[in-house]
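The values are calculated or read from the model by the stated rules, or taken from the named source; none is laboratory data. All of these numbers come straight from a predicted model, not from anything done at the bench. Here the Cβ positions follow ideal geometry from the backbone for every residue, glycine too, while neighbour counts run over all protein chains shown. The accessibility values were calculated without ligands, DNA or RNA, using every heavy atom of the protein model including side chains. Shrake-Rupley method; radii C 1.70, N 1.55, O 1.52, S 1.80 Å.
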Amino acid sequence: MKRRVWLTLGAVVLGGGGVTYAVASPSSDSGATGRAKRPVKVYALALKGTAADRQDLARTDTSQFSMLGVSWTGATTRLHGTAQVRTRSTATGEWSAWRDLELNVDPLEKPGRRVRGASEPLWVGSSDGVQVQVVRKNGSTTALPKGLEVNLVDPGVVTDAEAEAPGSEPAAFVAEGSPDATSSSTPADPASPGDGTAVTPTDGQTATSPAPTDTTTSTAAPTDSSSASASASASPSASPSPTGPTAPPSTRPQPPIVDRAGWGADESISPQAPEYNADVKAVFVHHTDGANDYSCTDSPSIVRSIYAYHVQVEGWKDIGYNFLVDKCGTIFEGRKGGVDLPVLGAHTYGWNRESAGIAVLGDYTTTSASNAALASIARLAAWKLGQYGADPAGTTQLTAGATQKNYFSTGFTAGSAYTFQRISGHRDGYNTQCPGNTLYPQLPTIRAWAAGPVQGLKITSLGGATASGSTYYTKGAITAHWTATTPGSLIKSFQLLVDGKTVATASGTATSVGATLPLGSHTIAVRAVHQSGKTATSSALTVVAETTAPTFTTTPRLSLRSGTVNTSAVPVTLGWKATDDKALQSVKLLSPTTATFAPTTTSSSRTATSGTATTWSMRAYDYAGNYRTSSPAYTPAILQESSATKTGSWTTRSSTSYLGGKSYSSGSKGAGLTWTFTGRSAAWVVSRASTSGQAYVYVDGTKAATVDLKSATTLYRQAIWTKSWSSSAKHTIKVVVVGTSGRPTVTTDGLVYIK
């Protein structure tokens, strides 16, 4: 890779008579802070060809530029056809696809003889090569205009922030070892041939304009109105010229605006004083065309480039727009004269005398403008119109300054009055697609945001409260969260309303606020105060503040259930009942395991560890967050068959399938086993098979059931019969063999009870 050698500032006259410049750092420090700030430069290359229907510029190496357009002799001359460009990126070295230039540009109302016709400028990003083709429209008998050239703008590096940013290298360099390495010239800089004569268009616009030429040039120089540094003068605010108007106060707050010094305007190229209108009745919204993928750190460079293009290429007195807005919402002062004064701009042909122009950086033909950009347009328009008591959502009468038709074929006659929206699109006043087919439909949103009240306000959630149906419940402390479609920058404040009264206030950019409610039922709403003073209130929510905990009307309790019994675990049913004076939300099992149950659920099948006292802790919650805990303890106990009192004949059987490895079996009619225990639930545990018989079960001396043990499959340790009581007491369970014909055998493992 060849090392770049930075050249000192100098100029050399090339063989063709043009002048080219090399701009570089005078310091030996290669760091960004040591570099000289690079001025804005404008170049021109004449297109080749004498045909009336086509002119071109083949792929041409150039010095660095980031914006370009096509211009021609004669401000009132129209180019009937297409102008397309391709550029080469300095970052990738790749050539772009062909891109159309917007040719339907507003003319000046009274252009001077040196003002040039031109396309809209197109931001392409840092580039070092260009190709152009201009073709007459099919069927047109009008020849292409004379003096066609492509104009390139290098925005330079003119502010301290830009000088310190990475990649802020000077544009002009030569490779070490090249034939020009010791020369102060740069490789063939495109430039604008001309005499640099100051001209005064009849509308009062003065600029240093290159003289038109029909000669094709391969080398030339930047226009000699380029300055080596940005002017330090700031834009006038409340101190206009002695003959200018005073700045009226506005009904809306002024948004932050980057002044001309902030974006690096070279005031020396537009020395004429501004002109003023009587007021601002309307705002016209524009887009500037060009790429939308620019970085917002490049926005000052884009604004500088548009300024240089309007002044040094087209010959205007200043940048045409009153304000410019980037996609991040940053607002830039455009035409000089004071942001708070009704400066006459050059943005909407026939309507400049009663309006201000706001241009969004980028192309919004197929891409929507960002909410940040829309919000800034709304803030800016509301403030500017508010200086004259105008409703941004209203209409006004504007007097036409020219006879013409707009994009919608509506005809206007100079001197006649017509109705316009206070916030209108460029196409409403002039026959152009500007501000693009996607930004134009966003104008109603801008009007609504600018005028108020706040749009789309709704409470999205209530922290500290839980909903049951349409009612929220809380212990008292809540946090209301909300959203609104109107950006916070247009909102003065939010108010939390409890029963219609303000209890808390938050800023316009806030999305939540808290409060503590007294006990009882309340309505909660949020009120938004727009910067206009108009208010909007969300739908109200019903919120009940209460501190009464739920109750267990039935204490959690265990009862044995049917199923397979093991020496370590027995099947049980956990039962309970909980209620609340307002609204029960849930019941949770906290131990010995965890589970959550719906408020209407009152039981759950579980297993319990036998022989061990276990705490069954449950907690009932209401929707307000109040809760009550109940934690009874229960112990399942196994009574083996050997602990029963026997009557009749029983045989001991041994198998690992039985509880404890043994069981009793009998086929003798009337044989019985009796267990006595103190508990609240019991289950008889048996083995079952296809040959198993029946048994009678007696509870405290009373026959309770006849149980058939027959089963298609052999099963062991089965709790086949259960009985539970409301409280613990002493009970006797007796099983008696029925002696069923053909299958009399009863095999029992024992009895399980809960104490």
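Would you be able to tell me the number of residues in the stretch 410-438 that are under 38 Å from the mean Cα position of the chain (by Cα) and either in a strand (DSSP E or B) or farther than 16 Å from R353 by Cα (or both)?
16
With the condition kept exactly as written, say whether any residue in the stretch 701-709 is in contact with a Leu (Cβ under 9 Å, 6 or more places away or on another chain) and closer than 19 Å to Q640 by Cβ. Among the residues of the stretch 701-709, not one is in contact with a Leu (Cβ under 9 Å, 6 or more places away or on another chain) and closer than 19 Å to Q640 by Cβ, which makes the answer no. For first residues located in the stretch 460-484 and open to solvent by 50 Å² or more (accessible area, probe 1.4 Å) and outside any strand (DSSP E or B), partners that are at pLDDT 95 or above and among the β-branched types (V, I, T) and lie 6+ apart or on another chain with Cβ distances below 8 Å form the pairs S470/T542.
Selection of the stretch 720-737 for residues being surrounded by fewer than 20 Cβ atoms within 10 Å (Cβ to Cβ) and closer than 18 Å to T691 by Cβ yields an empty set. At least 2 residues being over 60 Å from the mean Cα position of the chain (by Cα) and within 20 Å of V565 (Cα to Cα) is the threshold, and among the strands (runs of 3 or more DSSP E) wholly inside the stretch 636-731 those reaching it are 636-640, 651-654, 662-666, 672-688, 694-699, 702-708.
Restricting attention to strands (runs of 3 or more DSSP E) lying wholly within the stretch 502-591, give those where 1 or more residues are open to solvent by 20 Å² or more (accessible area, probe 1.4 Å), within 20 Å of A608 (Cα to Cα) and of a type outside the set (D, E, K, R).
It comes to 551-560, 569-579, 584-591.
Screening the stretch 124-168 for residues that are under 16 Å from Q312 (Cβ atoms) and touching a Gly at 6+ places or on another chain (Cβ under 7 Å) and picking the one that is modelled with the highest pLDDT gives N151. Applying a threshold of 7 Å to beta carbon distances and a minimum spacing of six or more residues, or different chains, the list of pairs starting in the stretch 284-312 at a residue that is free of Cβ contacts under 8 Å to residues at least 60 places away in the same chain and ending at one that is surrounded by fewer than 24 Cβ atoms within 10 Å (Cβ to Cβ) and in a loop (DSSP other than H, G, I, E, B) reads C296/K327; C296/C328; C296/T330. Please indicate, with yes or no, whether at least one residue in the stretch 110-119 is on the phi > 0 side of the Ramachandran plot, over 37 Å from the mean Cα position of the chain (by Cα) and buried (at least 17 other Cβ atoms within 10 Å of the Cβ). The answer is no, given that none of the residues of the stretch 110-119 is on the phi > 0 side of the Ramachandran plot, over 37 Å from the mean Cα position of the chain (by Cα) and buried (at least 17 other Cβ atoms within 10 Å of the Cβ). Filtering the stretch 650-679 to residues that are open to solvent by 70 Å² or more (accessible area, probe 1.4 Å) and touching a residue at least 12 places away in the same chain (Cβ under 8 Å) leaves T651, T652, R653, K662, K669, T676, T678.
If A682 satisfies all but one of (1) open to solvent by less than 70 Å² (accessible area, probe 1.4 Å); (2) free of Cβ contacts under 8 Å to residues at least 60 places away in the same chain, what's the number of the condition it fails? The one condition A682 does not meet is (2). With respect to (1) among the β-branched types (V, I, T); (2) assigned to a strand (DSSP E or B); (3) open to solvent by less than 50 Å² (accessible area, probe 1.4 Å), the lone exception for T82 is condition (3). S643 satisfies every condition listed in (1) closer than 19 Å to A705 by Cβ; (2) touching a residue at least 40 places away in the same chain (Cβ under 8 Å) except (1). None of V303, V311, V325, V285 is over 31 Å from the mean Cα position of the chain (by Cα), open to solvent by less than 10 Å² (accessible area, probe 1.4 Å) and of a type outside the set (D, E) except V311. Only one of the listed residues (A637, A624, A620, A578) is touching a residue at least 40 places away in the same chain (Cβ under 8 Å) and closer than 30 Å to T745 by Cβ. That residue is A637. Residue count for the stretch 706-719 under the criterion of being touching a Phe, Trp or Tyr at 6+ places or on another chain (Cβ under 6 Å) and open to solvent by 20 Å² or more (accessible area, probe 1.4 Å): the result is 1.
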